[in-house]
Amino acid sequence: MKQSVLTRTAGLGKQIALGAFLALLVVSVAACGDEATPAPLATLAPTAIPTVAPTIAPTASPTATPEPTATSITTPDATAIPTVIPTTIPKIDPTPSPTTDPTVAIKAEVAATVRQFGQALSTGDTELLASLFLQSEKTNSFSNSEPLRINGWPGVEGSFKGLLSLPPGSVSLLHRQGRIDLLSDEAALWTGHFILNIRPPEQPRQTVEGRITAVLQKVDGKWLRVHMHTSELPP
Amino acid sequence: MLLEATNQMSKTLKKLAILVVVTLAVVGSILGGLSATANAQSSDEAAIKAEVKAAARQLGKALNTSDGELFDTLWLHSDKVTYVSITQPFRIEGWPDVRQPFAGLLGLPAGKLSHVLRQERVDMLGEDVALHTAHFIVRIRPPGAATIILNGRVSSVLQKIDGKWLRVHTHTSALP
């Protein structure tokens, strides 16, 4: 019984060895076949390719035009090195090497979040606006239209109700001279100037110019405003 | 037979009672531990906020006593520092320039300026970044000139660097 198992195992081993040998043989043959395949000569020897139709006079019969076929490409003689026509190498503009500074990407994230604030105001999108703030008692703001600090998200949200209730397109917020300073992996400071244009229906247009400080915190992977201070330009 | 059943029930009840007591003890100790941790964290945060508030108040002290050296120790001396002033339209960037608008105030004789903060609030933005906001009243009595009173709001961002809370940004504005 034991001997039978050993015999079978030895047989199996032989079969595996034979299989492996055959597989190697097949791979080798395939590799040799690849080497034997002539390389595309057109890329090596452009002069060896016969001139093709466009240079022939239009009166020539189309049938007279030698068709570029695979057989018309001559195999280069080892001694006859094809003349390589000098071609103008296209100028490649130097591209900046990919930056390794991780703060660049983080600042871009913060900048994108900051821009969304203006988008929310101009489209009257209360949901978008709400998504840009930390909805917490921690959130607070100093507004250019209210003297006292507004504490907590409900109060801060309330301070934008007037602007958000206007028809979409009535408000435009432009930022100028924006600057981002990263304070840590999870805190950022955005400062800039703003021009707020308000066009209430059937009322004169209002323009407010001022400065903004926005403090943002990264919470659950998202940059959220926790503080804003807006003030008009001093007289 | 009945007595045996009663004894069995009594034993089971005893076991249940022991189980309940042990469970309560374990749950109680876990809750107690959590509560103590929460209290400790709360106490830690309160202590850190007190540090930030003390650092923020030093600015008033420096101005009130015309102490330029103290004033300088309160800011991060870096290009990163920015200041939006109550008197100047544009953001001021970098330490040497941020210092400049305060030169006039710091040059007054001691006692000619009074800086008072009201409704202070500190919010932590992580372990090493804090936001201090408040209302302020500044009274300036320049020698031989009328008293100037400024009522405004101030937001300051402070960063803990080498164990010290330093200002990296301040925005002051007049009451609208």
Among (1) touching a strand residue (DSSP E or B) at 6+ places or on another chain (Cβ under 8 Å); (2) more than 23 Å from residue A:127 (Cα to Cα); (3) surrounded by fewer than 16 Cβ atoms within 10 Å (Cβ to Cβ); (4) more than 10 Å from chain B (Cβ to nearest Cβ), where does residue A:209 come up short?
(4)
Elements of type helices (runs of 4 or more DSSP H) in region A:123-168, at least 2 residues being among the small types (Gly, Ala, Ser) and within 14 Å of chain B (Cβ to nearest Cβ)
A:153-159
Looking for something farther than 23 Å from residue B:162 by Cα, touching a residue at least 24 places away in the same chain (Cβ under 8 Å), in a strand (DSSP E or B) and within 14 Å of another protein chain (Cβ to nearest Cβ) - is there at least one such residue anywhere in region B:97-116?
no
Would you check if residue A:200 is in the same structural domain as residue A:130 (by TED's automatic domain parsing), surrounded by fewer than 19 Cβ atoms within 10 Å (Cβ to Cβ), touching a helix residue (DSSP H, G or I) at 6+ places or on another chain (Cβ under 8 Å) and outside any strand (DSSP E or B)?
no
On the given criteria, is residue A:136 among the polar types (S, T, N, Q) and either at pLDDT 95 or above or not assigned by TED's automatic domain parsing to the domain that holds residue A:110 (or both)?
yes
For region B:121-176, which residues satisfy the criterion of being away from chain A (no Cβ under 11 Å) and either among the polar types (S, T, N, Q) or outside any strand (DSSP E or B) (or both)?
B:141, B:142, B:143, B:144, B:145, B:146, B:147, B:162, B:163
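Per-residue answers, yes or no, for (1) within 25 Å of residue A:214 (Cβ to Cβ); (2) surrounded by fewer than 16 Cβ atoms within 10 Å (Cβ to Cβ):
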position: B:145; (1), (2): no, yes
position: B:150; (1), (2): yes, yes
position: B:157; (1), (2): yes, no
position: B:161; (1), (2): yes, yes
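The values are calculated or read from the model by the stated rules, or taken from the named source; none is laboratory data. Quick caveat, the model's predicted, so the values are computed rather than measured. Neighbour counts are summed over all protein chains in view; Cβ atoms, including those assigned to glycine, are modelled from backbone coordinates with ideal geometry.
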